[in-house]
1. On the basis of being hydroxyl-bearing (S, T, Y), out of contact with any helix residue (DSSP H, G or I) (no Cβ under 7 Å at 6 or more places or on another chain), closer than 18 Å to D17 by Cβ and touching a residue at least 12 places away in the same chain (Cβ under 8 Å), does S40 make the cut?
2. Restricting to the range 14-37, name every residue that is surrounded by 16 or more Cβ atoms within 10 Å (Cβ to Cβ), in a strand (DSSP E or B) and out of contact with any Phe, Trp or Tyr (no Cβ under 9 Å at 6 or more places or on another chain).
3. Which numbered condition in (1) out of contact with any Gly (no Cβ under 8 Å at 6 or more places or on another chain); (2) assigned to a strand (DSSP E or B) is the only one that T57 fails?
4. Tell me which residues, restricted to the range 38-60, are surrounded by 14 or more Cβ atoms within 10 Å (Cβ to Cβ), within 13 Å of the chain's Cα centre (by Cα) and more than 14 Å from T11 (Cβ to Cβ).
5. Filter the range 60-71 down to residues that are touching a Gly at 6+ places or on another chain (Cβ under 8 Å) and either closer than 14 Å to I23 by Cβ or not charged (D, E, K, R) (or both), then give me how many there are.
Amino acid sequence: MSDDSATITITRTAPEDIGLREIFVSLDGESIAILEHGQSVTRTVRPGAHEVRVHNTLFRKHQTVDLSPGEHATLMTINRAGRGTYSVLAFLGAGPVYLSLNRIDGPTPR
């Protein structure tokens with residue numbers, strides 16, 4: 001990586017991810033990945049502010065990441081079970097799967 005670029009990784013590798021539903025990932029308005037549990041996507045970008053958006057068709061999250069030259073930001077996205085997810089899943093065959101997106105390598109989002 002050169003000094004005039006930065007890197008963003010979005011990962012779906014948390015052990016608490018329930019493994020249901022795909023997570024759709026976009027970076028600066030461009031679709032870049034559909035993540036299954038255990039997968040990650042990495043992109044080289046210009047330094048500056050970038051918007052990461054994720055959704056699992058039920059819930060949406062977004063985060064702006066401001067990167068310096070040479071910086072590598074890592075964001076973790078997780079599909080989580082919430083209160084009642086498993087009982088609704090057993091009854092209807094589908095249930096709400098809550099979504100989170102957090103930077104795990106450094107600065108807290110603004």
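1. Criteria met by S40.
2. Within the range 14-37, I23, F24, V25, S26, L27, I32 meet the criteria.
3. Unmet condition: (2).
4. R53, H55, N56, F59
5. 1
Residue-by-condition table, conditions (1) under 15 Å from S100 (Cβ atoms); (2) touching a Lys or Arg at 6+ places or on another chain (Cβ under 6 Å):
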{"site": "S5", "(1), (2)": "no, no"}
{"site": "I10", "(1), (2)": "yes, no"}
{"site": "R21", "(1), (2)": "yes, no"}
{"site": "S26", "(1), (2)": "no, yes"}
{"site": "T42", "(1), (2)": "no, no"}
{"site": "R60", "(1), (2)": "yes, no"}
{"site": "Q63", "(1), (2)": "yes, no"}
{"site": "D66", "(1), (2)": "no, no"}
{"site": "T77", "(1), (2)": "yes, yes"}
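Coordinate-derived values only; no laboratory data. In this text, all values refer to a predicted model and were calculated from it rather than measured experimentally. As a convention, Cβ positions derive from the backbone with ideal geometry for all residues, glycine included, and neighbour counts pool all protein chains shown.
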